[in-house]
1. Restricting attention to region 53-60, does a residue exist that is more than 23 Å from residue 125 (Cβ to Cβ), exposed (fewer than 15 other Cβ atoms within 10 Å of the Cβ), of a type in the set (A, V, I, L, M) and at pLDDT 95 or above?
2. Residues to consider are 111, 165, 155; find the one that is at pLDDT below 90, over 24 Å from residue 22 (Cβ atoms), of a type in the set (Val, Ile, Thr) and outside any helix (DSSP H, G or I).
3. Please name all residue pairs, on different chains or six or more residues apart, with Cβ atoms under 8 Å, provided the first residue is in region 51-79 and is closer than 29 Å to residue 161 by Cα and in contact (Cβ under 8 Å) with a residue 40 or more places away in the chain and the second residue is of a type in the set (S, T, N, Q) and surrounded by 15 or more Cβ atoms within 10 Å (Cβ to Cβ).
4. Just to be sure before I move on: is residue 155 out of contact with any Asp or Glu (no Cβ under 9 Å at 6 or more places or on another chain), closer than 17 Å to residue 37 by Cβ and β-branched (Val, Ile, Thr) in the structure I sent?
5. Between residues in region 15-29 that are without any contact (Cβ under 8 Å) to a residue 40 or more places away in the chain and residues that are of a type in the set (Asp, Glu), which pairs lie under 7 Å by C-beta distance while being six or more apart or on different chains?
6. Starting from residues that are hydrophobic (A, V, I, L, M, F, W, C) and at pLDDT 95 or above, keep the ones in region 137-152 and report whichever is nearest to residue 179 (Cα to Cα).
7. Taking region 129-179 as the search range and keeping residues that are under 14 Å from residue 194 (Cβ atoms) and among the basic types (Lys, Arg), which one is surrounded by the most Cβ atoms within 10 Å (Cβ to Cβ)?
8. Among the residues of region 1-30, write down those that are closer than 15 Å to residue 60 by Cα and among the hydroxyl-bearing types (Ser, Thr, Tyr).
Amino acid sequence: MNSRIVDYHVARDGLPPRSGLAFDYVLGGDGLFVVAANPWIEVRVPVARCTVRGLSPVYTACTLPLGRLPASIWDGILRCLQVAHSAGCEVLTGVYHDGEAYRLIVPRQVVAPLEVRYEPQDNLVLEVHSHRDGLARFSATDSADEQRLRLYGVVGRLDQSTPQVALRAGAYGYFLPVPWDAVFDGDSDSIQEVLDASDLGLAQGPFEAWLEPGV
């Protein structure tokens, strides 16, 4: 049995089976990727784009094996963030799956106008925090904190009727932007989505993200 925390593969004949306890680096025909999975999320996040002749492409991917989160979860998240905004502070919310359904929680935390300090939570599918009236943009502090395998979100412009929302999949410090309607089963007309390929830490360019099982 492999006991390596991180393992390394070359995609000679399709995507190699995972073997690292945390994640794998996989070199494919379309570049170098981090591949990781837990019961709630499976990701393939590009680390470096390049063309390697003779290898199978790996492709960018993000899958939620238990399906997208219901719109009611998003409604609950937004209400929590708006209440905190009215009180003059940021806040962090979390979502987990209890084996039957997704559940929204507000972890124990210390809130402030421009800061949230919270106890790290295991087994979360998603973390979303607010930037109040600021842009929905992940800060360097956010990236330093968000080092687990899960979905992350930030909501800004809560002073406006249409808040900004940015979502990404995180895999141990590597990030992949994902669209709102790939995470939530609902209508995104009431939000302004921010989907920025620069979050990949790579050159600007097209990328793909899938969250539906079996895609």
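The values are calculated or read from the model by the stated rules, or taken from the named source; none is laboratory data. Being a predicted model, the structure only gives us computed values, none of them experimental. Using ideal geometry, Cβ is built from the backbone for each residue, glycine included, and neighbour counts are taken over all protein chains shown.
1. no
2. Numbers: 165 fails: at pLDDT below 90; 155 fails: at pLDDT below 90.
Among 111, 165, 155, only 111 is at pLDDT below 90, over 24 Å from residue 22 (Cβ atoms), of a type in the set (Val, Ile, Thr) and outside any helix (DSSP H, G or I).
3. 77/93
4. Working: out of contact with any Asp or Glu (no Cβ under 9 Å at 6 or more places or on another chain): yes; closer than 17 Å to residue 37 by Cβ: no; β-branched (Val, Ile, Thr): yes.
So residue 155 fails the test.
5. 18/24; 19/7; 20/7; 24/7
6. As a first pass, look at region 137-152 and keep what is hydrophobic (A, V, I, L, M, F, W, C): 138, 140, 144, 149, 151.
Then keep just the ones that are at pLDDT 95 or above; that gives 149, 151.
Details: 149: 17, 151: 11 Å.
So the residue we want is 151.
7. In this case the residue turns out to be 168.
8. 25
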